[in-house]
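The numbers here are math on the coordinates, done by the rules we state, and not lab data. Treat the numbers as computed from the prediction; the structure is a model and nothing was measured. Every residue, glycine as well, gets a Cβ built from its backbone with ideal geometry; the counts of neighbours run over all protein chains shown.
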Amino acid sequence: MSDAQRAHIEQQIQELRDERDAMSKSLSQFDARISALESELQGTATGQKPAATVASGFGAAQEPAASGAGGTNPLSPADASKRAIAIAAPVQSGTYEPGGFYDTGKGITLASGPWGDLGFNLTAYLRYLNQLGTKSTYTDSFGRTYNIDRRQDIQLAKVQMTFKGWIFDPKFAWNFYVWTSNASQGQGAQVVVAGNLHYDFSDAFQLYAGIHSLPSTRSTNRSFPYWLRNDQRPIADEFFRGSYTQGIWAQGVITPGLEYRAMLANNLSALGVNAGQLDSKIDTFSGALVWMPTTREYGPLRGFGDYENHDKLATLLGVHYTTSTEDKQSQPGTDSMENTQLRLSDGTLLFSQNAFNTPGQINQARYRMLDLEAGAKYRGYALEGEFYWRWLDQFQVTGIVPVNKLYDTGFQLQASAMLMPRQLQAFVSGSKIFGQYGNPYDVGVGVNWFPFTRKEARLNVMGIYVNRSPVGYTAYPLFVGMDGWVYVVDMALNL
């Protein structure tokens, strides 16, 4: 038996012991809850009210004000049961349940009781970035040359603090967060305060309102932060996708293994865009349908790579469609974090003045994008890919523009293997765009090291070779036009 196999088995033994201890504690709590309910029932039968007890956190909520005979208005049986359970066995603050920004886990529990709960999640990473292996100038497809300000720096690149929970009714939940990109210091959307409210009618229908990412591609459909590249997409995904915006959306499970998400929103990207920049139409729509036929799951958040070491072949098939009418006024700043700018395949901004080297400008355009995804995971190995189609048309222009529509396609492909179970993962990730103004591509090679044999903490080391990148901003490791090698080291934490 190898040292890696022995370590893996010892890890499994420890996890089983932890589960056994947790189950033993749960059984004790169940006994306490049953006793509390029996006491509640006995007190109701004899006309006596249980002695007042203060529970921790939200359990300390007072009973509703009363009216009528005797000046009291007892809780309903259901509410009384919840209160009795919380008094008997309140959830202790400081407990930890892995979850992350999108996952269902609470993270660190700050408070919990029969009236609600509050959890805290943290996503952050420290980044070393070296772009000195790239060319210092870039010439676009129209012969215009630009300088590139290459970087080498260390940044606390992202800090995202999330508070989430429910109040009054477990089906009525909320998720609010503060999100900062320190590499974007001084930009309009350097710090974002955002979130959403939602109500879970059933597993098949959950209704949300607030700020969220459009489910335009796999990376924007709640898979973050379980990516191979930490917080950086291949250039094709970055080029075609939508971003974070404001709107309403629904999601749910149609049948085990078949899930959907559909969103109606203001525009493709709200970060760095104020309400006065939006037009009067709400016509941005994005929807995703994902099927997991073999195992009916694909790991936490359907993330990339097989850290979980599936012993049965897990497969995934998905389709995404997004459409939006965009205008030059509603676009975020070029360096706003998570920005979505409509660009030509050479990186030229669609709405910029003289974009096509003619005296004209596109003021409005319709964006449509179709994305098909597929993936397979088995025993630590994974192969996953997407193909994109994008149409830009219905242009409203000023002056002379030599085209009336644009069509681009592209793909990304990512392969990974767990070299050491729960500890070391190697990956290759690349993409290419087939456009009317160039065919850029990138290839990333790297490793993820999990020093605590936990998915929540990792060291990501990667080299990216990029050919004429059509995308880029300060929070992304590339700039528009970049050509050559870029090196990235991220120390990431996701609770």
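Side notes on the structure shown:
- For the stretch 422-495, the dipole from Cβ point charges (+1 on Lys and Arg, -1 on Asp and Glu) about the Cα centre works out to 240 debye, to the nearest 20.
- Long-range Cα-Cα pairs in the stretch 161-290 (distance over 21 Å), rounded percent: 47 percent
- Spin-label pair Arg296-Thr137: with each label point 7 Å from Cα along the Cα-Cβ axis, the two points sit 6.2 nm from one another.
- Kirkwood analysis of the stretch 129-190, using all unique Cα-Cα pairs, places the hydrodynamic radius at 15.8 Å.
- Protection proxy ranking, peptides 279-290, 295-306, average beta carbon neighbours within 10 Å, highest first: 295-306, 279-290
- Residue separation of Phe201 and Leu349 scaled by 0.36 nm, minus their Cα-Cα distance, works out to 49.1 nm of gained length.
- Point-to-point label distance, Asn274-Leu126, nm (Cα→Cβ direction, 7 Å offset): 3.7 nm
- A compact globular protein would have a Cα radius of gyration near 2.2 N^0.38 Å; the ratio found for the stretch 345-425 is 1.70.
- Principal axis extents of the Cα atoms in the stretch 373-476, from largest to smallest and rounded to whole angstrom, are 60, 30, 22.
- Taking the convex hull of Cα positions in the stretch 234-290, its mean projected area over all directions (nm²): 5.1 nm²
- For the stretch 461-495, backbone nitrogen atoms closer than 20 Å to the point 7 Å from Val191 Cα along Cα-to-C-beta are found at 474-475.
- Dipole magnitude for the stretch 374-480: about 380 debye, using +1 per Lys or Arg Cβ and -1 per Asp or Glu Cβ, origin at the Cα centre.
- Per residue, the convex hull spanned by the Cα atoms of the stretch 262-334 measures out at 116 cubic angstrom.
- With Cα atoms as the point set, the radius of gyration and Dmax of the stretch 404-451 evaluate to 15.9, 53 Å.
- Here r is the Cβ-Cβ distance between Ile108 and Thr358 and R0 is 60 Å; the resulting FRET efficiency, rounded to 0.05, is 0.60.
- Pairwise centroid distance, computed over Cα atoms, of the stretch 143-206 with the stretch 441-495, Å: 19 Å
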